[in-house]
Each structure stands twice: as structure tokens, then as C-alpha cells.
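We did not get these values from a lab; they are worked out from the coordinates using the rules stated. Because the structure is predicted, anything quoted here is derived from the model rather than measured. A quick note on method: Cβ atoms are made from the backbone with ideal geometry, for glycine too, and the neighbour counts reach across all protein chains shown.
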Amino acid sequence: MKKLLTTTLLGAALIAGAAHAQDKEHLRIGVDVPYEPMEYRTADGELTGFDIDLGNAMCKQIKADCEWVVQAWDGIIPGLLARKYDAIMSSMTINDERRATVLFSDPYIKPPSAWFVPAGSSIETIYPKSLKGKTIGVQRGTLQDNYVTDMYGDVAKISRYTTADDLVLDMDAGRVDIAFLDFPVGKSTLLDSKEGSYKTIGGMITEPEKYFGEGFGIAFRPRDKKLAERFNEALATLKQDGTYDKIYDKYFKTGE
């Protein structure tokens, strides 16, 4: 009888454990890679980066099991609306055009843009006069492209590149005098590069908002307001308990 009772209790415990595991919410998050240091793969193929670490921390906070789904950028919002995943966390800038289609979380980061020049550059300040006749490198179709085109397109030559790596090749070869990039991208491709010596000038740029937006947000389907609220609450908690700062410093601290 005791053996039967023990077996029965053990079976009940296993069933309860399995039910508990099944009850754990499973969420899928869309992401486009690579965009170092926000989201990229390590040498062994593992997804990592600021978005990945912060997203995993938020999932842990809301007690959800999250799966990352890699999706090319041009199809990332259609994929969300088609229910391929439940949210997008992929360095997506919050703006009114996207708000017409998706629901955004609170901004979780507003990465600054910055000017990058070779260490020995004669450019010391950022004014139309100092950039006259210079070649400015940007990534094609980005917020930085729009800003530079409007502000300096009438005095400087704008060279546009599909990737930051292509831009860096031309900077290394002396075909680009100055680059304007997201600071995280410029840091990883220029400041941390072993191929050349670069520096930033002119400080960090986050305004005006019409170019640089409100920051990056997590995108949800418009009907998923409760899910967005849970992620907002998780983000607030991680900022309060210091977890957010640890993740931020891991990817963006310059050591200066």
C-alpha cells in the first residue's frame, strides 16, 4: 500500500510538473541580424547583443519562455502582423509612420549618432564651413543619411553605403573624410577597429527628434496592449534594480 501510495504521489507530481512547464508562456520575438552591438551572432553562431540580452532579461522578468526568430528587415513588420512572432525587438526607431501599423513599448534606448574621423584629420568642428568640399559617409536610407543630406548636402559630397563595413573600407582607403553613424555602429566598426585609428568629434547627437525619433522600442500588434504593458513594467523594474545598467555598460561603456 505504501509503495502504491508513493508511486501515485510521484506520478501526480510528475504530471503537475509537466503541466506547470506547459503553462509557461512561450513568446517569439522577431530580430534582424547583424547590427552589432545591438544584435549579432558570436563566432559559434549564438545570438547576442544589447537587444538580445535585454530582451531575455525582460522575458525572465515576466516569467515567459522567449524564442528569437531571425527575420530580414524588409519583412519584419509584415511578419509580426502575420503572427510569425509576438513582438519585434530589433533596434526599431519609434516614429509616427510605424505607429500607424504597430504598437510600441516605452523607448528602451536612444542610441546617439556621432561623427567619426581619422585620428589625424584636420576636421575639428562640425559646421557647413568646416565640411565644405568634404566627403561624408553614411549608411544609405538611415536617419543619419536624412540628417546629413538636409544639413550638409549642399556643401559636401554624400557617399552612401549599404553597410557600415563598406563605408569603413573607403575610410581606410582615404576616400571618405568623415562618417556620420549610430554611435554603437561607429564604435564597433571604427573606434574598436584594429585596421585604423579613429576618433569622434562634435559630441553625441540625439536631436532634433524629427530625424532621430524617440529612441528604439519593442513593436507589438496593436491589439496586444496587455503584453506591451507587461514589457514596459519589466523594463521599469530592470532599470530600477540595476540590471539595465549592467547590460548597457557591457555593450556601450567606452572606458573614457
In nanometres, what is the gap between the two model label sites at Ser193 and Ala173, each 7 Å from Cα along Cα-to-Cβ?
-> 1.2 nm
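For n ≥ 4 DSSP H runs only, could you compute -39500 (n - 2.57) per run for the chain, divide by its residues and tell me the 222 nm figure to the nearest 500?
Value at 222 nm, helices only, nearest 500: -11500 deg cm²/dmol.
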Interchain or sequence-distant (5+) residues whose placed amide H lies within less than 5 Å of the amide H of Ala156 are Gly133
Vicinal HN-Hα couplings computed from phi for the stretch 50-57 (Karplus, 6.51 cos²θ - 1.76 cosθ + 1.60; Hz; Gly/Pro x) = 4, 4, 5, 5, 5, x, 5, 5
If you take the beta carbon distance between Tyr127 and Lys225 as r and set R0 to 35 Å, what does 1/(1 + (r/R0)^6) give as a FRET efficiency, to the nearest 0.05?
-> 0.15
Which far-off residues, 5 or more places away or on another chain, put their amide H under 5 Å from the one on Lys110, with H placed in the peptide plane?
-> Phe216
Using the Karplus equation 6.51 cos²θ - 1.76 cosθ + 1.60 (θ = phi - 60°), what ³J(HN,Hα) coupling, rounded to whole Hz, does each residue of the stretch 149-163 give in order, writing x for Gly and Pro?
-> 4, 6, 7, 10, x, 8, 10, 10, 8, 9, 9, 10, 10, 5, 10
Separation between the Lys239 and Ile201 pseudo-spin-labels, each 7 Å from Cα along Cα→Cβ, expressed in nm?
-> 3.5 nm
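Between Thr163 and Lys60, take the C-beta separation as r, use R0 = 41 Å, and let me know the FRET efficiency to the nearest 0.05.
On the way: r = 33 Å, r/R0 = 0.79.
After rounding to 0.05, the efficiency reads 0.80.
Going by average Cβ density within 10 Å per residue, which order do the peptides 133-140, 40-47 take, highest to lowest? Could the numbers behind the result be given before it?
Values: 133-140: 18.8, 40-47: 10.5.
Result, highest mean first: 133-140, 40-47.
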If amide H atoms are modeled at 1.01 Å from N in the peptide plane, then the residues at a separation of 5 or more from Ile178, or on another chain, having amide H under 5 Å from its own are Thr135, Gly137
From the backbone phi of the stretch 202-215, what are the Karplus-calculated ³J(HN,Hα) couplings (6.51 cos²θ - 1.76 cosθ + 1.60, θ = phi - 60°) in whole Hz, Gly and Pro given as x?
-> x, x, 8, 10, 10, 10, x, 4, 4, 9, 9, x, 9, x
Classified through the alpha carbon gyration tensor (a ≥ b ≥ c as square roots of its eigenvalues; rounded if a/c is under 1.5, else prolate when a/b is larger than b/c, else oblate), the stretch 166-218 comes out prolate
